Amino acid sequence: MMFDMLIDAMLMLMRLDILLMISGGLVLGMLVGALPGFTTVMAMAIVLPISFFLEPILGIPFLIGVYKGGIFGGSIPAILVNIPGTGASMATTLDGPAMTRKGQSRKALEIALVASVVGDFLSSFGTILIIGPIAMIALLIGPPEISAILLLSLMIIVMSSSGNFLKGMVMLLIGMFLATVGQDPVGAMVRFDFNFYPLQAGIDLLPLIIGLFAIPEILFAIEQRREAVVDPAHTKAQGERLRWSELMACGRTILRSTAIGGVIGMVPGMGQVVAAFIGYSAAKGASKHPETFGQGEIEGVAAPEAANNAVNGPTMVPLLTLGIPGDNITAILLGAFVAQGLRPGPQLFQDQGTLVYALLFSMLLACVLLLVIGYLLTPVFARVVTISKAYLVPLMLIFAVGGTYVYRSNPMDLYFMIGFGLFGYGARKLHFDLTPLVMGFILTPPLEYALAQSMLLSRGDLLGYLVGTRPIAVGILVLTPVLIFWLGYRQRKQRRVRP
Amino acid sequence: MTNDMARAGSVLARLNFNSAVALAVVVLGIVIWLLVPYQVAEPPVFFGRSSVGISPKLFPQMIAIGMVVIGALYFIASLSMRQISGFRGLSASAYVNLGVVLIAMLAYVALLRPLGYLATSMGVATAISFYYGSRNLVGIGLTGIAAPLVIYTLFTRYLSVSLPPFPWGS
């Protein structure tokens, strides 16, 4: 039965248009990733509406392509000009630019590509192996456990968001409040509509996502009209190629980083940046010559690249089995699933198992295509670093407006988009992380629904019901403050260690 | 008395943008709490029992309380925060640039339906590209004419969704 499903899933992917859509997504992702200042999240937010109007088997792999291409693309400017194209490639700047200075930029780009693909492929393969059993376990849990897991996830996201815990909580509460606008998920009672018709259906996820992730990038870019242009001389892949022996020598480092990224990817809120730095530190710690790290060490590029890409696959575990997006990128993917009528959760594996596995297999396909496309096009994307924002900013704007409008053909969505854009811009200027806001917005309706179901099941005595019959929910609820305290303690300790 | 005044003075001196945001969060929490009775509809009651597990007022009230409590804690914490607002280093020209783009965005959205997606997109893309400093006609042509055409065709032809057509179109 399971075997048949996997075969059907593989057969579902045997289409030329799927290959083309993934390839298109990879190219687009690499393009945006290679542009310093533009993020993968922004690219995914802008192209999200395209996926709404395609079949799920075309639209979601397209977004997966953008995701994977973007994460790898970020390493190109990180290596060549010491500017991380995305946050995920920050750790790559520790050794990548030093290799470029030594005339080994081609080798650095090639090891980054291979480490990215290997890390991503192995972690995605591992994800496919474990996600089915996890979904089966998730089927056994009920509304009280779902409520407890959602609460725990929100707290982890706040704790692991960049910046202050209280500022993260403020963003979370604002996101939760925005989610309450419109009809409540239990009895469809209207809340906070202010007798304004467009608010009665609530705030849509698309203008919120495009507003928060794309518009601020435009506003940040427009602050300085003529920015310092990167010297084109630094945007060439130069020097000798990566040798097989060098790749083999990095094998253990790549596998270690893959394991680190794989585990971190399954924890909501942790993400690529954390994985990349931990992968780098682990490689340095295990090295026989740690003094060479920071001075153009090839393992110093392989380790963070394998780790940050290894996060990609496992982020699907909480998303698909529990409907919990672990970061902004999976939040966007959740939007794509929901728009396609696919509600992530354990039930999805029963109802649409073949499609889910086909989407998971598309991640493996995207890895293989990334190797080919990355190998062929990395020198081209190295040149992209110098493209003027005078052309990119208007392009982003007209795409964002077109994409937001087509979803509901409602001009009010565009005003919401601009409003959220301004809010996002101001929040980032004041050092707020927007991730808790998005997560609060997405996870509040299922939390409210699960809590209402728990109340109905408990017949008014929630505490007695939980203690008496729901030990797992109680365990998670007890674990939540302990985990918050531990994460807070760790963050404070790390801050003290840093000068 | 002098010590109290000195302490009050030092607290005032430690106020920063985080303190202002914290107070705004507290005020927002109070406003939400006050709005709940007027802005949240109640579900029907059958035989003296609510038809749903939890009241639709519960979450907004919890959020309001959360905002007041977290806002107060944030205010206290803000007094020892040393963050610099990102707005502080912005030059006057940056504010002008932001204002220009914001007005362009609003005009774009307002004119989208009356003038159609293509005409407004071409106008806005060309204007922003030119304002941003580009004087390359090929670049402006690609951004201002080709890109809106491609995006319009992508959405309307290949994805079969509608964008406002030309003002003279159907």
Grab the alpha carbons of segment A:395-439, take their convex hull, and tell me the volume per residue in Å³. 82
Calc'd 3J(HN,Hα), segment B:28-39, phi into Karplus 6.51 cos²θ - 1.76 cosθ + 1.60 (θ = phi - 60°), Hz, glycine/Pro = x, comes to 4, x, 5, 4, 4, 4, 5, 6, 3, x, 9, 10
Report, in whole Å, the centroid distance computed from the Cα atoms of segment B:102-123 and segment A:111-163. 41
Diffusion coefficient, µm² s⁻¹, Stokes-Einstein with Kirkwood Rh over alpha-carbon pairs of segment B:63-120 at 37 °C and 0.692 mPa s: 213
Please report the equivalent ellipsoid semi-axes of segment B:16-102, computed as sqrt(5 x eigenvalue) of the Cα gyration tensor, largest first, in whole Å. 40, 19, 8
Can you tell me the accessible area per residue over the protein assembly as shown, all protein chains present, probe 1.4 angstrom, in square angstrom? 42
Rg followed by Dmax, in Å, when segment A:296-358 is reduced to its Cα trace: 14.9, 50
About the Cα centre of the protein assembly as shown, what is the dipole size in debye to 20, counting +1 per Lys and Arg Cβ and -1 per Asp and Glu Cβ, all else neutral? 1560
Taking 1 over the mean of 1/r across every pair of different Cα atoms in segment B:7-47, what Kirkwood radius in Å do you get? 13.2
Orientation-averaged projected area, Cα convex hull of segment A:274-422 (nm²): 13.0
Filter the cross-link list A:102/A:284; A:107/A:167; A:167/A:493; A:102/A:288; A:167/B:57; A:284/A:429 down to pairs whose alpha-carbon distance in this structure exceeds 30 Å. A:107/A:167; A:284/A:429
Given chain B, longest segment not containing exposed loop trypsin sites (Lys or Arg not before Pro) (DSSP; at most 10 other Cβ within 10 Å): B:1-81
Please work out the Cα center distance from segment A:309-330 to segment A:209-225, rounded to the nearest Å. 26
For segment A:107-114, just list the computed ³J(HN,Hα) in residue order, Karplus coefficients 6.51, -1.76 and 1.60, θ = phi - 60°, integers in Hz, with x standing in for Gly and Pro. 5, 5, 5, 6, 5, 4, 5, 5
Debye intensity ratio I(q)/I(0), log10, segment A:1-101, q values 0.09, 0.11, 0.14, 0.20 Å⁻¹ (C-alpha model): -0.29, -0.41, -0.59, -0.87
Kindly provide the pair-distance distribution of chain B built from C-alpha pairs, with 5 Å bins from 0 and whole-percent values in order of increasing distance. 1, 7, 9, 9, 8, 8, 8, 9, 12, 12, 7, 4, 2, 1, 1, 0
Quick one: buried accessible area between A and B, total over both chains, 1.4 angstrom probe, nearest 100 Å²? 6100
Carbon + sulfur, % of accessible area of segment A:384-435 - ligands and nucleic acids excluded, 1.4 Å: 65
Aspartates and glutamates with Cα under 17 Å of residue A:68, excluding same-chain neighbours fewer than 8 positions away: A:110, A:120, A:305, A:327
Convex hull volume per residue in cubic angstrom - Cα atoms of the protein assembly as shown: 191
The percentage of Cα-Cα pairs in segment A:329-374 separated by more than 14 Å is 60
Volume per residue (Å³) of the convex hull spanned by the alpha carbons of segment A:45-91 is 64
Principal axis lengths of segment A:347-499 from Cα atoms, whole Å, largest first? 63, 52, 41
Starting from one equal scatterer on each C-alpha and no solvent at all, send me the Debye-based log10 I(q)/I(0) for segment A:109-268 at q = 0.09, 0.13, 0.14, 0.15 Å⁻¹, two decimals. -0.61, -1.07, -1.14, -1.19
Could you give the angle, 0 to 90 degrees to the nearest 10, between helix A:328-339's Cα long axis and the longest principal axis of the Cα atoms of chain A? 50
Using only alpha carbons, build the gyration tensor for segment A:54-137 and give me the equivalent ellipsoid semi-axes, biggest first, whole Å. 31, 15, 10
Segment A:366-408: Cα Rg divided by the 2.2 N^0.38 Å rule of thumb: 1.64
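The values are calculated or read from the model by the stated rules, or taken from the named source; none is laboratory data. It should be emphasised that the depicted structure is a prediction, and the values quoted were computed from it without experimental measurement. So basically every Cβ, Gly included, is an ideal-geometry build from the backbone, and we count neighbours across all protein chains shown. In case anyone asks, the SASA skips ligands and DNA or RNA and just uses the protein heavy atoms, side chains included. Shrake-Rupley method; radii C 1.70, N 1.55, O 1.52, S 1.80 Å.
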